[in-house]
1. Kindly establish whether ILE449 is touching a Leu at 6+ places or on another chain (Cβ under 8 Å) and either farther than 28 Å from GLU296 by Cα or modelled with pLDDT of 95 or more (or both).
2. Between residues in the range 316-334 that are under 14 Å from LEU416 (Cα atoms) and residues that are outside any strand (DSSP E or B) and hydrophobic (A, V, I, L, M, F, W, C), which pairs lie under 7 Å by C-beta distance while being six or more apart or on different chains?
3. Tell me which residues, restricted to the range 88-107, are under 21 Å from ARG70 (Cα atoms) and not in a helix (DSSP H, G or I).
4. In the range 117-148, what residues are assigned to a loop (DSSP other than H, G, I, E, B), open to solvent by 40 Å² or more (accessible area, probe 1.4 Å) and over 19 Å from GLU171 (Cβ atoms)?
5. Filter the range 256-286 down to residues that are touching a Lys or Arg at 6+ places or on another chain (Cβ under 7 Å) and in a helix (DSSP H, G or I) and give me whichever is surrounded by the fewest Cβ atoms within 10 Å (Cβ to Cβ).
6. Among the residues of the range 60-82, which ones are aromatic (Phe, Trp, Tyr) and either surrounded by fewer than 17 Cβ atoms within 10 Å (Cβ to Cβ) or touching a Lys or Arg at 6+ places or on another chain (Cβ under 7 Å) (or both)?
7. Please identify the pairs in which a residue from the range 222-251 that is within 17 Å of TYR262 (Cβ to Cβ) has its Cβ atom under 7 Å from the Cβ atom of a residue that is open to solvent by less than 50 Å² (accessible area, probe 1.4 Å) and of a type in the set (Val, Ile, Thr), counting only partners at least 6 apart or on another chain.
8. Kindly list the number of the only condition in (1) in contact with a strand residue (DSSP E or B) (Cβ under 9 Å, 6 or more places away or on another chain); (2) under 27 Å from TYR279 (Cβ atoms) that fails for LEU219.
Amino acid sequence: MVEKKFLKAVKDFQLVEPEDRILVAFSGGVDSVVLTHLFLKFKDHLKISSVGIAHFNHMLRGKEAEEDSRFAQEFAVKNGIPFYYGEEDVKKYAEENSLSVEEAGRSLRYRFLNRILKQNSYSKLATGHHLSDLIETMLLWFIQGNKRGIKGFKPKEDQIVRPLYYLKKEEIISYADRCRLEYRTDTTNFSTEILRNRLRIEVIPQLKKINSSLEESMLLESLFLQMDEDFLDREADRFSQKFLKNYIELKELKKLPDALVYRVLTEWVYRNTGVHPSYRKLLEIMKITKKTGEKELNIGKGFILIKSYDRLIITEKPEKKEFLYRIRPGEEIYIKESGIILKSYIVDAGNRDMKELKDEKKKVCFDIRDESPVFTIRNRKEGDRFLPFGRSTEKKLKDVLINLKVPRFMRDNIPLLEFRNKILWIVGYRRSAYYPVTDNTEKMICFEIKEV
């Protein structure tokens, strides 16, 4: 039965092709021993070119780990197959990189295995993951609230293949004993302080009392979840190509169903920040996309996400720094905080072009008759007020910026042109009603934004 299930998995998922060179991730435990035994037994039947084993010592279990390594090497010699060995101080690596021991071990192990795979031209990396592992993985991710992990692992992912996919742990042990295969036992597998072990030893037996076909049921669930996830991921990847900048137009996002929205957002946030947003954070983002006005969320690593009217924007969290410049007619200055050059000059009013003066985003002019006026350019401060055209009283600058739909994160770095404690121009946005140009104006003092 074990051999039939092994061959069935190989066939169903096309795990092996003629002339494949197979590298087995070999711990020395029963799973990797049986897997290697099956590959060697069916080597000619599957037309495999060669089989080798790679053993990685995590340096966590002292003498026991050293004995595992010796066993692996002796197994290779006994079966006349290539043997590759690697070791790393996993605990030290975990501490240096702020990782759990499990994460560090997996990272270093696969780094070693992939190096051996490439250096020795193996075409497939075979691991001993089996059906019982699949159930543990699905339950582990379920109770930790990881939706993507609930589907478990695939029988084939790129060069990694898992031919024991249909086999339960007890079937593998029984087969090994029947074939008198020697194998090592990791004593840490019996510690219920490790969550995965606790699931295997305490929880899964109770679940099997409710459903004696638990593995078969969850295998089917995994296969269908994989189908759904693969389809949705492909669709999300297709739409993600529309969102390659650091902002998203909300009207484009609203065209998509929520099942694609959160996937697109996950990819977009990661691409712009290197942060994988949690499900909780994704729900927050999705909620603010449906609200009016402006909202802001901290993403992490110094980035913030801003819902600014009709856009979602990712930017580095700005630090408010006060700036102050002075400018006289005939001068130009570079305002580094906003990245613009502002020049000032005097124009004879007889040469004015009223159409040109209507573009208050780039150029403004004032009827100021002082002999040597000095203008201030600064960023906003508490209590600032602004006089729009058509009003006799000033408004709060904050309300003006909101009406102009200026994103909140930009407001502190917008230059304000000031004269005699009056804001004349929200540079690049709106001119105030002070010092208007009229038919009686003889000379104008103008300010213009130059391209950098």
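1. Answer is yes for this residue.
2. From the range 316-334, the pairs are ARG326/VAL374.
3. GLU88, ASP89
4. Within the range 117-148, ASN120, SER121, GLN144, GLY145, ASN146, LYS147 qualify.
5. In this case the residue turns out to be TYR279.
6. Applying the first criterion (aromatic (Phe, Trp, Tyr)) to the range 60-82 yields 71, 75.
The one that is aromatic (Phe, Trp, Tyr) and either surrounded by fewer than 17 Cβ atoms within 10 Å (Cβ to Cβ) or touching a Lys or Arg at 6+ places or on another chain (Cβ under 7 Å) (or both): PHE71.
7. Qualifying pairs under 7 Å: LEU225/ILE150; ALA236/VAL264; PHE239/VAL264; SER240/VAL264; PHE243/VAL264; LEU250/THR289.
8. That leaves (1) as the condition not met.
The values are calculated or read from the model by the stated rules, or taken from the named source; none is laboratory data. The structure displayed is predicted, hence computed values, not measured ones. No Cβ is skipped: glycine too gets one built from the backbone with ideal geometry, and neighbour counts run over all protein chains shown. The accessibility values were calculated without ligands, DNA or RNA, using every heavy atom of the protein model including side chains. Shrake-Rupley method; radii C 1.70, N 1.55, O 1.52, S 1.80 Å.
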